[in-house]
1. Which one of these does A:R54 not meet: (1) modelled with pLDDT of 95 or more; (2) open to solvent by 50 Å² or more (accessible area, probe 1.4 Å); (3) within 13 Å of DNA strand C (Cβ to nearest atom); (4) more than 16 Å from B:F126 (Cα to Cα)?
2. Do you know which residues across the stretch A:80-119 are in contact with a His (Cβ under 9 Å, 6 or more places away or on another chain) and modelled with pLDDT under 95?
3. Checking A:K48 against (1) touching a helix residue (DSSP H, G or I) at 6+ places or on another chain (Cβ under 7 Å); (2) within 11 Å of another protein chain (Cβ to nearest Cβ); (3) within 13 Å of DNA strand C (Cβ to nearest atom); (4) under 17 Å from B:L123 (Cα atoms), which single condition isn't satisfied?
4. Of all residues in the stretch B:12-39 being part of a loop (DSSP other than H, G, I, E, B) and more than 11 Å from DNA strand D (Cβ to nearest atom), which is farthest from B:G64 (Cα to Cα)?
5. Could you list all residues from the stretch A:57-83 that are within 7 Å of another protein chain (Cβ to nearest Cβ) and in contact with a Phe, Trp or Tyr (Cβ under 9 Å, 6 or more places away or on another chain)?
6. Return yes or no: is A:Q93 open to solvent by 40 Å² or more (accessible area, probe 1.4 Å) and within 24 Å of B:Q99 (Cα to Cα)?
7. Testing B:V80 on (1) in contact with a Cys (Cβ under 8 Å, 6 or more places away or on another chain); (2) exposed (fewer than 13 other Cβ atoms within 10 Å of the Cβ), one condition comes back false. Which one is that?
Protein chains: 2
Amino acid sequence: MNIGTAAEESGVPAKTIRYYESIGLIPPARRAENGYRDYSGFDIETLKFIQRTRKLGFSVKDVGGLLQLWRDKERTSASVKALALRHIDEVEQRIGELQSIRQTLIDLTDRCHGDDRPDCPILDEFAQVPNEARD
Amino acid sequence: MNIGTAAEESGVPAKTIRYYESIGLIPPARRAENGYRDYSGFDIETLKFIQRTRKLGFSVKDVGGLLQLWRDKERTSASVKALALRHIDEVEQRIGELQSIRQTLIDLTDRCHGDDRPDCPILDEFAQVPNEARD
DNA sequence: CTTGACCTTCCAGTCACTGGAACCCCATAT
DNA sequence: ATATGGGGTTCCAGTGACTGGAAGGTCAAG
């Protein structure tokens, strides 16, 4: 199977497959006689695995770890769960930050009339003291 | 004021101030006789403005836009509000994505016993069909 | 006069791709 | 036979927003 077909089947762009090979996330592909990369059904499964974990926000490094655990039939489920739980922590951390940002922005935009006049509480807030010096 | 002091006062690292200058987000700093960058209180205000908007997740490009609006006394509050509302949309979008990721990961980890045995629903899910083919 | 803490520039690395140039290969239509 | 179009190959550069580090100049204190 050529890289284009592998890309289609796995959902990972051809360019990205080559990139994953170049950084060692996947082993170098077998080559056909003409020099083209040649992929098997198993390779596609690996690419799909990568695709799914990437979509769940795991870093490429973590995906590498997950791939190793996947291949290692002696792994403990605890080691996998630990990696996943750590990632959940990071995601929740980020959600919290974004929610705080969101609330601040909503407070600001609520106070801005948003018309033709130049005076704007949003810019005022960006320009003035952050919060506590208003007391 | 030297760059180190400006960094301290504004909260923007010296390295980052130079970077902002290099990409044109801020104009080239005045130079003292020894060639050192020299910052004024007004420069510090600008850096603080940048710091605050960056912390609210605006891209450097958007921060540039906000700086222009800030300097332009003829701007309309509507233009500022529009930029902010657009950013709120992006933030909410991202929060939604992360919440969906979080839920998926929690569902997965809940089903994983996390002990010494190798069988693990998390890896199974990453390896198997995504969702719909389970039906 | 030396030490250490500043400052300067410039280049490289991060993360995870993505775009593009320049080239090769292959099947089909003319 | 050949032109065309669509694969594939490599390698280099760019993205965003910094950050680290090397190599060197400057300055105040001991």
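The values are calculated or read from the model by the stated rules, or taken from the named source; none is laboratory data. In this text the structure is predicted, and so the values were computed from the model without any measurement. Positions of Cβ are backbone-derived with ideal geometry, glycine not excepted, and every protein chain shown enters the neighbour counts. Note: areas computed on protein heavy atoms with side chains; ligands, DNA, RNA excluded. Shrake-Rupley method; radii C 1.70, N 1.55, O 1.52, S 1.80 Å.
1. Status for A:R54: all satisfied but (4).
2. Listed by number, the list holds a single entry, A:D119.
3. Every condition holds for A:K48 apart from (3).
4. Step one: of the stretch B:12-39, the residues part of a loop (DSSP other than H, G, I, E, B) are B:12-13, B:23-29, B:32-36, B:39.
Now restrict to residues that are more than 11 Å from DNA strand D (Cβ to nearest atom): B:24, B:26-29, B:39.
Values: B:G24: 9, B:I26: 8, B:P27: 11, B:P28: 15, B:A29: 17, B:Y39: 19 Å.
Restricting to residues being part of a loop (DSSP other than H, G, I, E, B) and more than 11 Å from DNA strand D (Cβ to nearest atom), the top hit is B:Y39.
5. Step one: filter the stretch A:57-83 for residues within 7 Å of another protein chain (Cβ to nearest Cβ), giving A:57, A:66, A:69-70, A:73-78, A:80-81.
Of everything in the stretch A:57-83, those that are within 7 Å of another protein chain (Cβ to nearest Cβ) and in contact with a Phe, Trp or Tyr (Cβ under 9 Å, 6 or more places away or on another chain) turn out to be A:L66, A:W70, A:V80.
6. Details: open to solvent by 40 Å² or more (accessible area, probe 1.4 Å): yes; within 24 Å of B:Q99 (Cα to Cα): yes.
It is true that A:Q93 is open to solvent by 40 Å² or more (accessible area, probe 1.4 Å) and within 24 Å of B:Q99 (Cα to Cα).
7. Among (1) in contact with a Cys (Cβ under 8 Å, 6 or more places away or on another chain); (2) exposed (fewer than 13 other Cβ atoms within 10 Å of the Cβ), the lone unmet condition for B:V80 is (2).
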